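Here is the structure we will look at.
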Amino acid sequence: NAGVTQTPKFRVLKTGQSMTLLCAQDMNHEYMYWYRQDPGMGLRLIHYSVGEGTTAKGEVPDGYNVSRLKKQNFLLGLESAAPSQTSVYFCASSYDWRYGYTFGSGTRLTVV
Amino acid sequence: ELKVEQNPLFLSMQEGKNYTIYCNYSTTSDRLYWYRQDPGKSLESLFVLLSNGAVKQEGRLMASLDTKARLSTLHITAAVHDLSATYFCAVDRYGGSQGNLIFGKGTKLSVKP
């Protein structure tokens, strides 16, 4: 049982390049989330999804897009990367808020 | 502005000592979560507190929730080196069921022999 799997684990982008981060969960969870973690800032919610085909904006959505075409996958896209998007990105999923959230291992993204 | 404030942000303890980490929040949520993060690792769920007065314990860690005071505490008893990590609290932004969490900035705990 893999839980929440994020790919890639590391990536270096040049300013203006695009990329997609993939989050896959095998727990049949309805809810999925993308967070970014910056030093001294805790985690901030970028976008989230409450079910297949749905997405919603979180606290810091600008510069990102997401899609949830299949229940098990939640994709985070950067259309034109900026140095301010250098961060560690965590995906999380949840079956029910009463039981908390399962986090992936993270993607460390550097934009130069 | 919705806030989750943890204090202290840095904590250096000696093994065997007790200490408490505080988490104050400004939402009306009655649910609060504690997570642990080791350096370079993901977040591990420690406690889910779902109502006023909830208390949960796991080993040397005990968490409690006072929704009226909008305060949660994470108490460490007889600290050991293995507890060294960063601890985050988080609350639901709208008190709803969609899991839109606001995290505190984290408390970096270092337990020294």
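Every number in this text was worked out from the coordinates using simple rules, so none of it is lab data. Since this is a predicted model, take the numbers as computed values, not measurements. Note that we place each Cβ from the backbone using ideal geometry, even for glycine, and neighbour counts take in every protein chain shown.
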Inset, instruction - Work out the FRET efficiency for residue A:52 and residue A:86 from their Cβ-Cβ distance, taking R0 = 25 Å, and round it to the nearest 0.05. - result: 0.20
Legend entry - Spin-label model distance (nm) - residue A:27 vs residue A:105, 7 Å beyond Cα toward Cβ: 1.7
Legend entry - FRET efficiency estimate (nearest 0.05) - Cβ-Cβ, residue A:9 to residue A:70, R0 22 angstrom: 0.55
Inset, instruction - Find the relative contact order for chain B and round it to a whole percent, using C-alpha pairs within less than 8 Å whose residues are 6+ positions apart. - result: 36
Inset, instruction - Grab the beta carbon distance between residue B:60 and residue B:7, set R0 = 22 Å, and tell me the FRET efficiency rounded to 0.05. - result: 0.65
Inset, instruction - Mind listing the long-range amide H neighbours of residue A:66? Cut-off is under 5 Å, sequence gap 5 or more, other chains count too, H placed in the peptide plane at 1.01 Å from N. - result: A:77
Legend entry - Spin-label pair residue A:38/residue A:20, simplified geometry with 7 Å Cα→Cβ offset, distance in nm: 2.6
Inset, instruction - Could you tell me what % of all Cα pairs in the protein assembly as shown have separations over 24 Å? - result: 44
Legend entry - 5 angstrom amide H check on residue B:31, placed H, neighbours 5+ away: B:92
Legend entry - Most mobile of A:80, A:93, A:67 in a GNM of chain A (Cα contacts under 10 Å): A:80
Legend entry - In nm, spacing of pseudo-spin labels at residue B:14 and residue B:82 (7 Å Cα→C-beta vector): 2.3
